1. Considering segment 124-177 alone, what residues qualify as being among the hydroxyl-bearing types (Ser, Thr, Tyr) and assigned to a strand (DSSP E or B)?
2. Condition first: among the β-branched types (Val, Ile, Thr), more than 21 Å from Met335 (Cα to Cα) and in contact (Cβ under 8 Å) with a residue 12 or more places away in the chain. Can you find one or more residues in segment 51-62 that meet it?
3. Just to be sure, is Leu363 aliphatic (A, V, I, L, M), more than 19 Å from Ala68 (Cα to Cα) and outside any strand (DSSP E or B)?
4. Test Thr121 against the criterion of being crowded, with 24+ Cβ neighbours inside 10 Å, touching a Phe, Trp or Tyr at 6+ places or on another chain (Cβ under 9 Å) and either part of a loop (DSSP other than H, G, I, E, B) or in the same structural domain as Ala329 (by TED's automatic domain parsing) (or both), and give yes or no.
5. Exactly one condition in (1) under 28 Å from Cys63 (Cβ atoms); (2) free of Cβ contacts under 8 Å to residues at least 60 places away in the same chain is not met by Asp156; state its number.
6. List the pairs whose first member sits in segment 87-106 and is within 21 Å of Glu3 (Cα to Cα), whose second member is modelled with pLDDT under 95 and not in a helix (DSSP H, G or I), and whose Cβ atoms are under 7 Å apart, counting only residues at least 6 apart or on separate chains?
7. For segment 334-352: of the residues being under 14 Å from Ile124 (Cβ atoms) and not in a loop (DSSP other than H, G, I, E, B), which is nearest to the chain's Cα centre (by Cα)?
Amino acid sequence: MAEAALHDLARSTRVSQIIAADREIGRKDAVLSKIPNRRKIKVLPLDITNTDAALRALKGTGCVINAAWYELNLKAMDLALALGAHYVDLGGLYHMTLKQLARRREFERAGLWAVLGCGSTPGITNMMVARVAREFDRIDTVGIYDASYDPTQTEDSFLPPFSIRTMLDEFVFPAPVWKGGRLASVKAHSDPDTLDFPEPIGRCQAGTVIHSEVATLPGYLRSKGVRNLAFKIVYPPAVKAQLAMLVAMGLDRDQPMQVNGHAVSPRRFLTALAQKSALGLGDEPADFEVLRVRVTGTAGGSALTRELDCEMKAAGPVSAGAAGVGYTASIVGQMLLAKATLRRSGVDAPESALKEDRFFEELAARRVFRLVERMERSPL
């Protein structure tokens, strides 16, 4: 995801210098070789948990895009505040997002923005809901869906489409939902919806999982009287079977265990395996992803249903999944520096922070995203 952000930032005429910081930079040459205008990019070995060293290395930074594990979001926010820089991340998986929202006053006092969940979902989906919601007087139900196709995902391969740590959490954590106008919790991957997506995805089932949209969108839509809201994702059967096996074996646990006299975290070991699998990818990904928002309610005395799809395709060495996340983080970072926000400062999700029209103009300019709208209207 960070590599995709580097691709987009390097192509931007509005960005003069990029610092790519990571704990491990052994892949530096392989990554940079695929990126245009790579002379803009300075690569640094850096651990953001070492705040003093990070401050010295990142002095003068205008915006921090945090593409590390979501468990580090609060630490990355500390760093942005100390630098006097705006902050962007890829999501907090609901519970971390709530902790981050509580820091609004700190960023307001500093005159800075922290925009949370700026990937494909959360991120693009939040802005899609904002775009569709303005057509409604009252909203009953919001469904947010994510489905994808990747020819490299088979029963014989182990290649998580995004962070294996996040996937494990989504697989086991109860899923917060907005139900009947109140916050509730359901079992992960429960309440499935059968949906039809463009080929090669086709007909599939999406199940409810924990996600950050539920932390912010019910409040954003309060004036519309929203009663139900949930995020649901399509996992291919092979991926679900692999996750079930990993969880059954205890590989989702972070607590170290003794292996031949050495303390080993099962989750960190599995993370390393997933990263190694990702390194074996070819240079031309061929995945396809669709984000869907479906809203039902009333408008002008009629029942109204609106659907908005965002179709994403691969672009050269950047997969559709990575582009949806990394390009969006890049877009939001550049919008913050350009002051294309609804207020001067704060901590919020994209729907409450960003100028909607500008965001979708930026998205369309990337040419890897395609929006498709549908509407149904009937008398009450």
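The values are calculated or read from the model by the stated rules, or taken from the named source; none is laboratory data. All values reported here derive from a predicted model rather than from experimental measurement. Here the Cβ is made from the backbone with ideal geometry for all residues, glycine too, and neighbour counts use every protein chain on show.
1. Thr141, Tyr145, Ser148, Tyr149
2. Yes, there is a match, as at least one residue in segment 51-62 is among the β-branched types (Val, Ile, Thr), more than 21 Å from Met335 (Cα to Cα) and in contact (Cβ under 8 Å) with a residue 12 or more places away in the chain.
3. Against the criterion (aliphatic (A, V, I, L, M), more than 19 Å from Ala68 (Cα to Cα) and outside any strand (DSSP E or B)), Leu363 qualifies.
4. In short, yes.
5. (1)
6. Filtered contacts from segment 87-106: Leu90/Met1.
7. For segment 334-352, the residue satisfying everything is Pro350.
Yes/no per residue for (1) at pLDDT below 95; (2) of a type in the set (A, V, I, L, M, F, W, C); (3) touching a strand residue (DSSP E or B) at 6+ places or on another chain (Cβ under 8 Å); (4) in the same structural domain as Thr166 (by TED's automatic domain parsing):
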| position | (1), (2), (3), (4) |
| --- | --- |
| Asp8 | no, no, no, no |
| Ile18 | no, yes, yes, no |
| Ala53 | yes, yes, no, no |
| Ile65 | no, yes, yes, no |
